[in-house]
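The values are calculated or read from the model by the stated rules, or taken from the named source; none is laboratory data. Every value quoted in this text rests on a predicted model; they were computed, and no experiment measured them. Virtual Cβ from ideal backbone geometry, glycine too; neighbours counted across all protein chains shown.
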Amino acid sequence: MSNTPITSNAETQTADSTNLQTIHITANSRLTAVIKEHAILSSGQNVIQTPRVMTLKQWWQLWQNNALFAGDLPADELRKKVLNGFEAQWLWEQCLQDELDSRLEQTGQQESASDNDNGFQAQAIALLNVHTTAKQLYQAWSLSAEWLPQSWQQQSLLSDEARLFIAVLQRYLACLKSKSWQDDALQAQQRLTWLNDQKIGQSQLPQRFCLHGFDDLSPHIQTWRQTVESMGCKVDVDTDMSEVGANQTMQLPAGGLSCYAAQDLFDEVQQVSNWAIQQVAEQLQHKPIELIKVAVVAPNVADYKTALSQCLDEQLYLNGLNQLHSQLNGVNSHHKLYNLSLGEPLFSLPIIENAWQTLQLFLQPQKSTSYQNWSQWLISPYTLGDFTQRQQADAEFRRLQWANVLWPNLLESNAANSLPQSLHKALKAIANKERQSASVGLSDFIEQAWSVLDALGWPGNRTLQSEEFQQKTAFENALVEFSKLADIGGKQTYSKWLSLLKRYLSELVHQPQSVGHQPIQIMGMLEAGGQEFDALWIMGLTNEAWPRMPSPNPFIPMNLQRQYHLPRSDANRELSYAMQISQRLLLSANQVIWSYPQQSGEATLLPSSILPNHKQFPEQVALYQPTAYRTLAEALFALRDPQNPIVWEEDWQGAEIPLGQQAPGGTGILQAQSLCPLMAYVDYRLGAKYGFQQVEDSLQNTNQGTLIHQVLEHFWLEVKTQVALLRLSHEEVVDKLNAHIENAFASLQASLAQGILEVEHKRILELCLQWLELETQRSSFKVVEREKAHTVTLAGIDFKVIIDRVDEVDGQKVILDYKTGKASINSLLKTPLAAPQLAVYLEAISEDVAGIGYALLHSDDGVKISAIVEEEEVLFKQRSIQVFAKMAEKEGGDYYQTTWIDFLQSLKQQVRELASQIQQGQAQMSFNALADIDYAAGHLALRVPEVLQQRKDIENLYEEQEGAQ
């Protein structure tokens, strides 16, 4: 087994590179950059000859261009277009769909299915996901073209999956031939033919090739190697691991191997962060930072990305090596001491998602979308216009409760007046623009896409940070490349083009460019190939992650995949491959540590069997000793001055409401103050209750109550008295209610599905009919007020009060508050007052009040009146109606010998006390039951767990004091 890493013979490579007789071929672009950087740093010179380092794909392109320029390769030998992977996969999808349609047509015609050229009967196939299946078919073609002999397709005993692959492949190859196209697989075969059989470009070959970072030489690379060697080129492999077998003992690093069984992923990440920063600090003592390379490698690096970034940021800050991400500005936010090789799909980036949403919304103005999508686009930082104004507009649009919207209709609502003027003008211009046909070609689609993005000022008018600018540029380049796609789809709808663009952006990986040298490198197992490090930690080595699980292609016979050792074909190949990569990693650094988490949630994980561990080889493998991890919070807490400890003071005094001003929230703030003063202050005084209104697919509870209020308000506005109600027939009552319900639902027609509207219509009609039936059993009454607004002054501040309904019975007033939820008049009788929203109505109605209570219309519990009246005759006899005269006669009761007037005055007095607390800004965190604050809009600000712990501590302190006494 040879071991000649690139960094150990830098002088030889530099000399070779100077005379340009050696070309270095790397397994990936990352390694290309590493070798170039090392050559420059190790030369010790300001100016050197750039080494010829490239991937094999880049070399093939260079070789072809040189052969064309030299006249060795005639231009007519080239195909019109070479499809990239996305285009080829898209064409496979088209061919697959054609094959499925053909089979469906044959089945529909009920023709006898005869054997076709492939020896099987055509059958209709229903695929759940044509796109995913086409992706697997394209993978099968790429594998079979390189790894398998073509004769395998002529075998007689093939599975239905293999036969489907062959049938679609024939369509695919026929399409490529008819259009004079190639894909990567065919181009690779063609180039090898040119070089091997026709000896084209032989003069372009160097004296020597050196391969770096190849753990597995594919058939294509092996054929290329044999070909160039037959032409006199020497081909060296920097690290040949082909001799490493599954049963062979691994060669350990010179500086020793350690292992660590972490408690879980977070413990593992914390130890890695401590170790990496310690290694950098040690290396800085004897070499410049530009030459330091500390590596963290993992087979599933994506699982560690977030936690590792957070811990490294935290520890770098605590060690004075970097600022926190929140402290960095847009200019130097990409200056970090670590580099995470894992990029992100372009579509997952917020700025790109906003661009796509912009196209989705405004290229299809007549297509309905959910309000959530509209809201997400509207308040995005990459949308045109002042952010605060857009938030205000979002709040206004939410009040419409349109779950599904056509955005041009939103512009016709009053809420659109809250939009920033620039955005409103741009939206109006797009709405008035004449649309083209429903189906367009790719060039027209791209032209209109650029037009929409330009008209709406994407990506907004804020200054982009460096990484955001890179992302914007990447999207613009992607849109240009997307416009060059092969003519496969013809004319398509905007929806299909947008779906295709989304897939294209999702398959592009974006890696932001870093500035300066990053001494800590975080990468996957394959990316570390061909490199040397000062120190290496391999993490995440559980038996599930390493070796990888086999993933054979379903469209190639399994026996062939095993016979020709196709990638991911079986467990034996994955084990052998993992052994080779692991051995290479062990030899890439003088000191190596490997680790795995023992726990993931409730699951117990086992270590990988690939690398030797401490239990098996206690003399050769050391047990890594973990170091104490200190979080940023703990570090800041430790900075407290012990001589001046923190003194906790209870401060529940908020700002007063100036006299003469209006209190926010009307009766709602009084109700909240009675339950929890801090909740009232946060929700109403600080506005948490008005922050974010949910828009639901069905009617919200608040909307349901509002609709019932509207229906009954207009019904009694028309009918007025119980006498008039009794004169109406059942059919007349139903007709009137239906008319009022339809009027109430008019604004919801465009935003809710017809089925939901019909169900809600029936439900509200049934509730109202039940309620009116109950109304017929009451004493004779006249409705004198409906949804009337009053202004009540209490404790020097004004409260806006809307009373749902006031009836007149024998010259006295009865106040009713409609409720579609649960409520009870018993809340009015509690001390302290638990229903101030009812009691405050007494301040608005100055005439004699004979009764007050709730009119309950609940879908599950039915209808009833829960009230308290002076005498039974005011309403009627029912268990839910309290008669105060009887309560006053009950000896020993709370209201024994109390007059009705005194009772009402006591309710008013309690409301005035609550109003005084509100005016003075009293905001104690006090409540009787947790249920009282469950629905607080600012629940997080109440810090309930901390309050409960404080109460528990106080109770324990009292118990200790009593025990001591």
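The table below lists the values:
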item: Out of Leu611, Leu636, Leu699, sole residue that is more than 30 Å from Thr831 (Cβ to Cβ), within 31 Å of the chain's Cα centre (by Cα) and at pLDDT below 90; result: Leu699
item: Given (1) over 20 Å from Asn590 (Cβ atoms); (2) at pLDDT below 90, number of the condition Leu291 does not satisfy; result: (1)
item: Segments classed as helices (runs of 4 or more DSSP H), wholly inside region 614-681, with at least 3 members that are in contact with a helix residue (DSSP H, G or I) (Cβ under 8 Å, 6 or more places away or on another chain); result: 667-675, 677-680
item: Enumeration of residues in region 49-80 that are under 47 Å from the mean Cα position of the chain (by Cα) and not in a helix (DSSP H, G or I); result: Gln49, Thr50, Pro51, Arg52, Val53, Met54, Thr55, Leu78, Arg79, Lys80
item: Residue check, Asp817 in a strand (DSSP E or B), buried (at least 17 other Cβ atoms within 10 Å of the Cβ), in the same structural domain as Ala855 (by TED's automatic domain parsing) and under 46 Å from the mean Cα position of the chain (by Cα); result: yes
item: Selection status of Leu536, touching a Phe, Trp or Tyr at 6+ places or on another chain (Cβ under 6 Å) and either farther than 20 Å from Val294 by Cβ or of a type outside the set (Gly, Ala, Ser) (or both); result: no
item: Lone qualifier among Leu400, Leu423, Leu411 - being touching a His at 6+ places or on another chain (Cβ under 9 Å) and over 23 Å from Leu501 (Cβ atoms); result: Leu411
item: Within region 251-272, considering residues that are of a type in the set (A, V, I, L, M) and closer than 12 Å to Tyr304 by Cβ, the one farthest from the chain's Cα centre (by Cα); result: Ala262
item: The one condition in (1) in contact with a Pro (Cβ under 9 Å, 6 or more places away or on another chain); (2) closer than 20 Å to Glu870 by Cα that Ile797 fails to fulfil; result: (2)
item: Any hit, region 568-584, residues being part of a loop (DSSP other than H, G, I, E, B) and farther than 30 Å from Ala134 by Cβ; result: no
item: Top-ranked residue in region 141-155 [being free of Cβ contacts under 8 Å to residues at least 12 places away in the same chain and in a helix (DSSP H, G or I); ranked as nearest to the chain's Cα centre (by Cα)]; result: Gln150
item: Residues that are modelled with pLDDT of 90 or more, buried (at least 20 other Cβ atoms within 10 Å of the Cβ) and closer than 16 Å to Val301 by Cβ, drawn from region 524-544; result: Phe533, Leu536, Trp537, Ile538, Met539, Gly540, Leu541
item: Residue in region 615-626 that is β-branched (Val, Ile, Thr), within 22 Å of Leu257 (Cα to Cα) and within 40 Å of the chain's Cα centre (by Cα) present; result: no
item: Answer residue from region 378-426, given it is under 23 Å from the mean Cα position of the chain (by Cα), assigned to a loop (DSSP other than H, G, I, E, B) and in contact (Cβ under 8 Å) with a residue 24 or more places away in the chain and is farthest from Gly460 (Cα to Cα) among those; result: Ala403
item: Selection from region 920-938 of residues that are farther than 16 Å from Gln671 by Cβ and not in a loop (DSSP other than H, G, I, E, B); result: Gln920, Leu930
item: Region 301-319 - residue that is of a type in the set (S, T, N, Q) and in a helix (DSSP H, G or I) and, of those, nearest to Ala635 (Cα to Cα); result: Gln315
item: Residue list for region 480-503, restricted to those being crowded, with 16+ Cβ neighbours inside 10 Å, at pLDDT 90 or above and under 21 Å from Lys80 (Cα atoms); result: Phe482
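Yes/no matrix, rows are residues, columns are (1) among the aromatic types (Phe, Trp, Tyr); (2) loosely packed, with under 14 Cβ neighbours inside 10 Å; (3) in the same structural domain as Gly490 (by TED's automatic domain parsing):
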position: Phe397; (1), (2), (3): yes, no, yes
position: Ala416; (1), (2), (3): no, no, yes
position: Ala438; (1), (2), (3): no, yes, yes
position: Ser443; (1), (2), (3): no, yes, yes
position: Val452; (1), (2), (3): no, no, yes
position: Leu464; (1), (2), (3): no, no, yes
position: Glu467; (1), (2), (3): no, no, yes
position: Ala474; (1), (2), (3): no, no, yes
